[in-house]
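Working notes, structure below.
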Amino acid sequence: MKLEQLIMFQSVAELGSLSKASTRLNKTQPAISQSIKQLETTLRVTLFNRSAYRLTLTDEGKVLYQQTLRVLDEANSLRNIASNIASGNETSITLTTEATYNLKGIVLLLATVQKQFPDTQFILKQEYLTGALEALLQQNATFCLSPLTPDLLQNSQIDRHMLNSGQLVNVASPQLIARHPGLYASTELINEYQIVVQDSGRGSLNKSWGVQDGQRCWYVNDFATKKMLIESGMGWGKLPGHHIEKSIENGKLVKLQLSDIENTITFDYYIIKNKKQYLGPVAQALWEQFKTYTFNTSVQ
């Protein structure tokens with residue numbers, strides 16, 4: 001079986017005529033007829049009813065026509081991917097994002113680049129705390145999107161471009177707050193469970209950011225679980241501002257006002273690349289898009 005035979009089969013099936021298929025494919029009618037017969041011999045089925053003036057598909061032919069369209073589509077995709085690779089374009093781009101970032105802010109940007117390079121696969125990986133930057137520095141990602149601590153802002157191994165800002169907000173459920181009338185300080189919550197997302201990197205090894213000594217903790221690996229536990233009254237903790245807007249509105253969560261800790265943390269997000277890592281044409285185009293894209297610089 002050859003792809004050329006399948007192309008001829010498709011044309012005859014769609015046009016119902018050897019002469020019309022001959023014109024479309026710039027092939028002689030005998031060549032097309034012979035190819036169809038060879039394909040029928042190979043497949044051991046009759047593809048066309050030939051008793052009428054117009055060629056029509058048999059029941060078996062109808063089934064194989066649909067499969068032929070899929071095979072030819074896959075073949076076309078293969079050609080496009082090969083052309084993409086031959087032109088020097090990357091087969092895939094990996095973007096790691098720190099999980100507090102609101103990805104809605106970059107959907108239009110990614111859609112634009114994907115339209116420019118449809119044969120490059122874009123991979124989004126969500127990491128927590130230091131995991132996104134760690135993946136970049138280990139060259140397991142093309143870019144990362146993350147906040148940066150003051151020391152990392154001075155890191156000579158990275159290039160960065162600020163995008164916009166975000167918040168982490170201390171919240172609890174009304175049930176938990178009701179257990180502590182006149183709640184004033186975090187020390188009053190030491191026997192409640194603080195819900196903490198674990199770092200997917202190793203940057204916080206042996207560190208407990210934002211956790212007071214003696215605090216009971218639940219450790220989870222995603223914000224959806226953390227939010228569910230807090231809304232259920234099982235603990236308290238910080239959640240990204242864009243995650244909690246509706247829960248604040250409907251009363252499932254309440255912003256904490258504790259006098260001895262920072263209740264709202266605001267930080268800047270950067271698109272970051274590793275200076276040691278070569279950027280191909282697609283990655284370079286994406287980097288330039290990030291640098292020129294107009295973001296809402298207000299807090300999310």
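The values are calculated or read from the model by the stated rules, or taken from the named source; none is laboratory data. The shown structure was predicted, so the numbers you read here are calculated from the model rather than taken from an experiment. Cβ: placed from backbone, ideal geometry, glycine included. Neighbour counts: every protein chain shown. Note: areas computed on protein heavy atoms with side chains; ligands, DNA, RNA excluded. Shrake-Rupley method; radii C 1.70, N 1.55, O 1.52, S 1.80 Å.
So here's what we get for this one:
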| read-out | value |
| --- | --- |
| For the chain, built as a Gaussian network whose Cα springs stay under 10 Å, the top-fluctuating residue of Trp218, Trp236, Trp209 | Trp209 |
| Extension gain (nm, one decimal) between Leu43 and Gln114, 0.36 nm per residue minus Cα-Cα | 21.7 nm |
| Exposure of Asp59 as accessible area (Å², to 10), given a probe of 1.4 Å and all protein chains | 110 Å² |
| Net charge, Lys227 excluded, C-beta distance under 13 Å - Lys, Arg +1, Asp, Glu -1 | +1 |
| Summed side-chain charge close to Asn102 - residues other than Asn102 whose Cβ falls under 14 Å, Lys, Arg +1, Asp, Glu -1 | -1 |
| Net charge, Asn26 excluded, C-beta distance under 14 Å - Lys, Arg +1, Asp, Glu -1 | +2 |
| Of Thr112, Thr130, Thr58, the one that fluctuates the most in a GNM where the chain has Cα springs shorter than 10 Å | Thr58 |
| Filtered trypsin sites (Lys or Arg not before Pro), the stretch 186-241: DSSP coil and at most 11 other beta carbons within 10 Å | Arg202, Lys207 |
| Given charges at beta-carbon only (K, R positive; D, E negative), |dipole| of the stretch 24-178 in Debye | 1060 debye |
| Portion, in percent, of the accessible area of the chain that falls on carbon or sulfur, probe 1.4 Å | 51 percent |
| Among beta bridges that DSSP assigns inside the chain, antiparallel share in %, nearest 5 | 60 percent |
| Computed FRET value (nearest 0.05) for Asp260 with Trp218, which takes r as the C-beta separation and R₀ as 22 Å | 0.55 |
| Other-chain or far-sequence residues with amide H under 5 Å of Gln126's (modelled H) | Thr97 |
| Cα-centred dipole magnitude for the stretch 168-300, charges only on beta-carbon of K, R (+1) and D, E (-1), debye, nearest 20 | 440 debye |
| Sum of -39500 (n - 2.57) over DSSP H runs of 4+, divided by residues of the chain (222 nm, nearest 500) | -12000 deg cm²/dmol |
| Residue of Ala283, Ala21, Ala185 that the Gaussian network model of the chain assigns the largest fluctuation, springs spanning Cα pairs under 10 Å | Ala21 |
| Restricting the stretch 23-115 to trypsin sites (Lys or Arg not before Pro) in coil, as DSSP defines it, with at most 14 other Cβ within 10 Å | Arg44, Arg50, Arg54 |
| Cross-link pairs Lys238/Lys291; Lys226/Lys246; Lys125/Lys275 - those with Cα-Cα distance over 22 Å | Lys238/Lys291 |
| With DNA, RNA and ligands ignored, accessible area of Tyr219 (1.4 Å probe; Å², nearest 10) | 120 Å² |
